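**Q** Got a structure here, written out as C-alpha coordinates. Questions coming.
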Amino acid sequence: MKRFLIAGNWKMNKTSAQAVHYVKELKAQNLERPEDVAIIAPFTQLEPLKKALEGTGIALGAQNVHYEHSGAFTGEISVDMLKEIGVDYCVVGHSERRQYFGETDATVNKKLKVLLEEGITPILCVGESLETREKKQEQAFVCGQLAAAFEGISLEDAAKVVIAYEPIWAIGTGHTATPEQAEEMCSFIRGMMEGLYDISIGEKLLIQYGGSMKPGNAKDLLSKKDINGGLIGGASLKVKDFAEIAHIAAELAE
Ligand code: PGA
(Lines give C-alpha, C1' and ligand atoms only; values in the text may rest on other atoms or scores of the structure.)
Protein backbone atom coordinates (compact mmCIF):
# COMPACT_ATOMS: atom_id res chain seq x y z
CA MET A 1 0.00 0.00 0.00
CA LYS A 2 1.38 3.40 -0.95
CA ARG A 3 1.73 5.89 1.90
CA PHE A 4 0.67 9.54 1.62
CA LEU A 5 0.72 12.72 3.65
CA ILE A 6 -1.57 15.43 2.34
CA ALA A 7 -0.67 18.57 4.27
CA GLY A 8 -2.38 21.93 3.89
CA ASN A 9 0.07 24.77 4.48
CA TRP A 10 -2.16 27.71 5.29
CA LYS A 11 0.76 30.16 5.49
CA MET A 12 -0.41 33.51 6.99
CA ASN A 13 -4.12 32.99 6.36
CA LYS A 14 -7.32 32.59 8.39
CA THR A 15 -8.30 33.71 11.88
CA SER A 16 -8.97 31.17 14.63
CA ALA A 17 -12.73 31.44 14.07
CA GLN A 18 -12.25 30.77 10.35
CA ALA A 19 -9.93 27.86 11.13
CA VAL A 20 -12.49 26.17 13.39
CA HIS A 21 -15.22 26.73 10.78
CA TYR A 22 -12.97 25.13 8.15
CA VAL A 23 -12.59 21.99 10.29
CA LYS A 24 -16.36 21.76 10.68
CA GLU A 25 -16.71 21.84 6.89
CA LEU A 26 -13.82 19.41 6.41
CA LYS A 27 -15.47 16.88 8.73
CA ALA A 28 -18.53 16.96 6.48
CA GLN A 29 -16.32 15.86 3.55
CA ASN A 30 -15.97 12.37 5.07
CA LEU A 31 -12.30 11.82 4.33
CA GLU A 32 -11.54 8.15 3.71
CA ARG A 33 -8.05 8.35 5.23
CA PRO A 34 -7.95 11.28 7.70
CA GLU A 35 -4.78 9.80 9.20
CA ASP A 36 -3.00 10.79 5.96
CA VAL A 37 -4.10 14.42 6.27
CA ALA A 38 -2.59 17.32 8.23
CA ILE A 39 -3.31 21.01 8.66
CA ILE A 40 -0.26 23.25 9.01
CA ALA A 41 -1.52 26.44 10.61
CA PRO A 42 -0.29 29.75 12.08
CA PHE A 43 0.69 29.63 15.77
CA THR A 44 -2.40 31.38 17.17
CA GLN A 45 -4.70 28.82 15.54
CA LEU A 46 -2.94 25.72 16.86
CA GLU A 47 -4.74 25.49 20.18
CA PRO A 48 -8.29 26.00 18.85
CA LEU A 49 -7.51 23.67 15.94
CA LYS A 50 -6.23 20.97 18.29
CA LYS A 51 -9.62 21.01 20.00
CA ALA A 52 -11.59 21.18 16.77
CA LEU A 53 -9.64 18.25 15.27
CA GLU A 54 -10.13 15.99 18.29
CA GLY A 55 -11.44 12.59 17.25
CA THR A 56 -11.07 13.30 13.51
CA GLY A 57 -7.71 11.54 13.04
CA ILE A 58 -6.44 14.59 11.14
CA ALA A 59 -2.99 15.75 12.27
CA LEU A 60 -1.88 19.25 13.20
CA GLY A 61 1.32 21.05 12.30
CA ALA A 62 3.13 24.35 12.92
CA GLN A 63 4.91 26.37 10.24
CA ASN A 64 8.09 27.19 12.16
CA VAL A 65 9.92 26.69 15.46
CA HIS A 66 12.99 28.16 17.18
CA TYR A 67 15.92 25.83 17.80
CA GLU A 68 16.46 26.95 21.43
CA HIS A 69 14.16 25.70 24.18
CA SER A 70 13.74 29.15 25.76
CA GLY A 71 15.44 32.51 26.07
CA ALA A 72 15.62 36.06 24.81
CA PHE A 73 14.24 35.50 21.30
CA THR A 74 11.43 38.00 20.98
CA GLY A 75 8.66 36.87 18.69
CA GLU A 76 9.77 33.24 18.53
CA ILE A 77 8.07 29.99 19.54
CA SER A 78 9.88 27.01 21.10
CA VAL A 79 9.47 23.30 20.58
CA ASP A 80 8.22 22.94 24.17
CA MET A 81 5.39 25.37 23.44
CA LEU A 82 4.40 23.32 20.40
CA LYS A 83 4.68 20.09 22.33
CA GLU A 84 2.38 21.40 25.05
CA ILE A 85 -0.34 21.97 22.45
CA GLY A 86 0.20 18.49 21.00
CA VAL A 87 1.39 19.42 17.54
CA ASP A 88 2.32 16.43 15.32
CA TYR A 89 4.33 18.15 12.56
CA CYS A 90 6.41 21.27 12.05
CA VAL A 91 7.54 22.71 8.72
CA VAL A 92 11.23 23.61 8.56
CA GLY A 93 13.10 25.52 5.90
CA HIS A 94 10.18 26.63 3.76
CA SER A 95 11.52 28.73 0.89
CA GLU A 96 9.51 31.73 2.10
CA ARG A 97 11.30 31.54 5.45
CA ARG A 98 14.65 31.09 3.73
CA GLN A 99 13.94 34.07 1.47
CA TYR A 100 12.26 36.56 3.83
CA PHE A 101 13.28 35.54 7.35
CA GLY A 102 16.91 34.54 7.13
CA GLU A 103 16.45 30.79 7.49
CA THR A 104 19.73 29.09 6.57
CA ASP A 105 20.89 25.50 6.12
CA ALA A 106 22.52 25.81 9.56
CA THR A 107 19.32 26.90 11.36
CA VAL A 108 17.36 24.25 9.45
CA ASN A 109 19.74 21.60 10.81
CA LYS A 110 19.34 22.87 14.41
CA LYS A 111 15.55 22.98 14.07
CA LEU A 112 15.40 19.42 12.73
CA LYS A 113 17.45 18.23 15.70
CA VAL A 114 15.34 19.92 18.37
CA LEU A 115 12.08 18.68 16.79
CA LEU A 116 13.35 15.10 16.50
CA GLU A 117 14.56 15.18 20.12
CA GLU A 118 11.09 16.22 21.25
CA GLY A 119 9.14 13.83 19.05
CA ILE A 120 7.56 16.31 16.61
CA THR A 121 7.87 15.19 12.97
CA PRO A 122 9.66 17.77 10.81
CA ILE A 123 8.47 18.49 7.28
CA LEU A 124 11.71 19.65 5.68
CA CYS A 125 11.32 21.80 2.57
CA VAL A 126 13.96 21.81 -0.14
CA GLY A 127 13.87 23.11 -3.69
CA GLU A 128 15.64 25.20 -6.27
CA SER A 129 14.98 28.59 -7.84
CA LEU A 130 14.18 29.06 -11.53
CA GLU A 131 17.68 30.41 -12.12
CA THR A 132 19.24 27.28 -10.62
CA ARG A 133 17.02 25.04 -12.75
CA GLU A 134 17.83 26.97 -15.90
CA LYS A 135 21.50 26.29 -15.18
CA LYS A 136 20.58 22.62 -14.73
CA GLN A 137 21.96 22.69 -11.20
CA GLU A 138 18.80 21.69 -9.39
CA GLN A 139 20.11 18.31 -8.27
CA ALA A 140 23.41 19.68 -6.97
CA PHE A 141 21.53 22.45 -5.15
CA VAL A 142 19.00 20.18 -3.45
CA CYS A 143 21.80 17.74 -2.65
CA GLY A 144 23.60 20.53 -0.77
CA GLN A 145 20.44 21.50 1.11
CA LEU A 146 19.86 17.89 2.20
CA ALA A 147 23.46 17.20 3.22
CA ALA A 148 23.49 20.33 5.39
CA ALA A 149 20.03 19.71 6.86
CA PHE A 150 20.83 16.14 7.95
CA GLU A 151 24.33 16.76 9.32
CA GLY A 152 24.76 14.90 12.62
CA ILE A 153 21.30 13.27 12.45
CA SER A 154 21.11 9.48 12.91
CA LEU A 155 19.62 7.10 10.36
CA GLU A 156 16.80 6.27 12.75
CA ASP A 157 15.87 9.95 13.14
CA ALA A 158 16.40 10.84 9.49
CA ALA A 159 13.89 8.18 8.43
CA LYS A 160 11.19 10.00 10.42
CA VAL A 161 11.61 13.32 8.56
CA VAL A 162 9.07 14.12 5.85
CA ILE A 163 10.85 15.80 2.93
CA ALA A 164 8.88 18.22 0.77
CA TYR A 165 10.37 18.95 -2.64
CA GLU A 166 9.13 22.43 -3.47
CA PRO A 167 10.67 24.08 -6.53
CA ILE A 168 10.51 27.80 -5.73
CA TRP A 169 9.36 28.61 -9.28
CA ALA A 170 6.23 26.52 -8.73
CA ILE A 171 5.14 27.93 -5.36
CA GLY A 172 2.08 30.14 -5.55
CA THR A 173 2.76 30.82 -9.23
CA GLY A 174 0.31 28.45 -10.87
CA HIS A 175 3.29 26.90 -12.71
CA THR A 176 3.23 23.37 -11.37
CA ALA A 177 6.22 21.16 -12.07
CA THR A 178 5.23 18.49 -14.57
CA PRO A 179 4.64 15.10 -12.95
CA GLU A 180 7.85 13.94 -14.68
CA GLN A 181 9.91 16.84 -13.30
CA ALA A 182 8.48 16.31 -9.81
CA GLU A 183 9.06 12.56 -9.93
CA GLU A 184 12.59 12.98 -11.22
CA MET A 185 13.51 15.17 -8.23
CA CYS A 186 11.63 13.12 -5.62
CA SER A 187 13.32 9.97 -6.91
CA PHE A 188 16.67 11.78 -6.86
CA ILE A 189 16.04 12.84 -3.25
CA ARG A 190 15.25 9.26 -2.21
CA GLY A 191 18.42 8.03 -3.88
CA MET A 192 20.49 10.80 -2.36
CA MET A 193 19.19 9.93 1.14
CA GLU A 194 20.04 6.26 0.50
CA GLY A 195 23.54 7.35 -0.40
CA LEU A 196 23.82 9.64 2.61
CA TYR A 197 22.58 6.95 5.01
CA ASP A 198 21.77 3.45 3.93
CA ILE A 199 19.65 1.78 1.27
CA SER A 200 17.11 0.88 3.99
CA ILE A 201 16.03 4.51 4.46
CA GLY A 202 14.53 4.75 0.97
CA GLU A 203 11.34 2.81 1.58
CA LYS A 204 10.76 4.49 4.95
CA LEU A 205 10.90 8.08 3.70
CA LEU A 206 7.82 10.12 2.89
CA ILE A 207 8.64 12.58 0.11
CA GLN A 208 6.04 15.18 -0.81
CA TYR A 209 5.77 17.47 -3.79
CA GLY A 210 4.73 21.09 -3.22
CA GLY A 211 4.08 23.93 -5.64
CA SER A 212 0.67 24.79 -7.11
CA MET A 213 -0.80 21.34 -6.43
CA LYS A 214 -4.56 21.43 -6.96
CA PRO A 215 -7.43 19.01 -7.65
CA GLY A 216 -6.79 19.20 -11.41
CA ASN A 217 -3.16 18.06 -11.29
CA ALA A 218 -3.04 16.07 -8.03
CA LYS A 219 -3.83 12.68 -9.57
CA ASP A 220 -1.00 12.84 -12.10
CA LEU A 221 1.49 14.01 -9.48
CA LEU A 222 0.42 11.63 -6.69
CA SER A 223 0.41 8.63 -9.06
CA LYS A 224 4.16 8.91 -9.43
CA LYS A 225 6.14 6.25 -7.63
CA ASP A 226 8.31 8.51 -5.48
CA ILE A 227 5.71 11.14 -4.58
CA ASN A 228 4.10 10.40 -1.20
CA GLY A 229 1.79 13.35 -0.97
CA GLY A 230 1.70 17.08 -1.17
CA LEU A 231 2.43 20.23 0.77
CA ILE A 232 -0.42 22.34 -0.49
CA GLY A 233 -0.64 26.09 -0.07
CA GLY A 234 -3.27 27.99 -2.05
CA ALA A 235 -5.55 25.02 -2.79
CA SER A 236 -5.64 24.00 0.89
CA LEU A 237 -7.41 27.22 1.85
CA LYS A 238 -10.60 25.98 0.20
CA VAL A 239 -12.15 23.00 2.00
CA LYS A 240 -13.54 21.42 -1.17
CA ASP A 241 -10.24 21.59 -3.07
CA PHE A 242 -8.23 20.27 -0.15
CA ALA A 243 -10.69 17.43 0.49
CA GLU A 244 -10.67 16.57 -3.21
CA ILE A 245 -6.89 16.13 -3.14
CA ALA A 246 -7.23 13.97 0.01
CA HIS A 247 -9.88 11.83 -1.76
CA ILE A 248 -7.53 11.36 -4.74
CA ALA A 249 -4.68 10.27 -2.44
CA ALA A 250 -6.97 7.87 -0.56
CA GLU A 251 -7.96 6.23 -3.83
CA LEU A 252 -4.33 5.88 -4.91
CA ALA A 253 -3.33 4.46 -1.51
CA GLU A 254 -5.41 1.34 -1.98
P1 PGA B 1 1.23 26.61 -3.25
O2 PGA B 1 2.23 26.59 -1.97
O3 PGA B 1 0.49 25.32 -3.22
O4 PGA B 1 0.36 27.80 -3.01
O5 PGA B 1 2.10 26.73 -4.45
C6 PGA B 1 2.91 25.43 -1.60
C7 PGA B 1 3.82 25.71 -0.42
O8 PGA B 1 4.46 26.78 -0.42
O9 PGA B 1 3.92 24.90 0.51
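**Q** Of all residues in segment 154-186, count the ones that are within 17 Å of the chain's Cα centre (by Cα), of a type outside the set (A, V, I, L, M, F, W, C) and at pLDDT 95 or above.
**A** So the count comes out to 6.
**Q** Determine whether segment 34-53 contains at least one residue that is more than 16 Å from the ligand (Cβ to nearest atom), charged (D, E, K, R) and buried (at least 18 other Cβ atoms within 10 Å of the Cβ). Even if it seems obvious, please write down each step before you answer.
**A** So in segment 34-53, the residues more than 16 Å from the ligand (Cβ to nearest atom) come out as 34-36, 43-53.
Filter once more, keeping what is charged (D, E, K, R): 35-36, 47, 50-51.
Pick out the ones that are also buried (at least 18 other Cβ atoms within 10 Å of the Cβ) and you get 36.
Yes; the residues of segment 34-53 include at least one that is more than 16 Å from the ligand (Cβ to nearest atom), charged (D, E, K, R) and buried (at least 18 other Cβ atoms within 10 Å of the Cβ).
The values are calculated or read from the model by the stated rules, or taken from the named source; none is laboratory data. None of these values were measured; they are calculated from a predicted model. Here the Cβ is made from the backbone with ideal geometry for all residues, glycine too, and neighbour counts use every protein chain on show.
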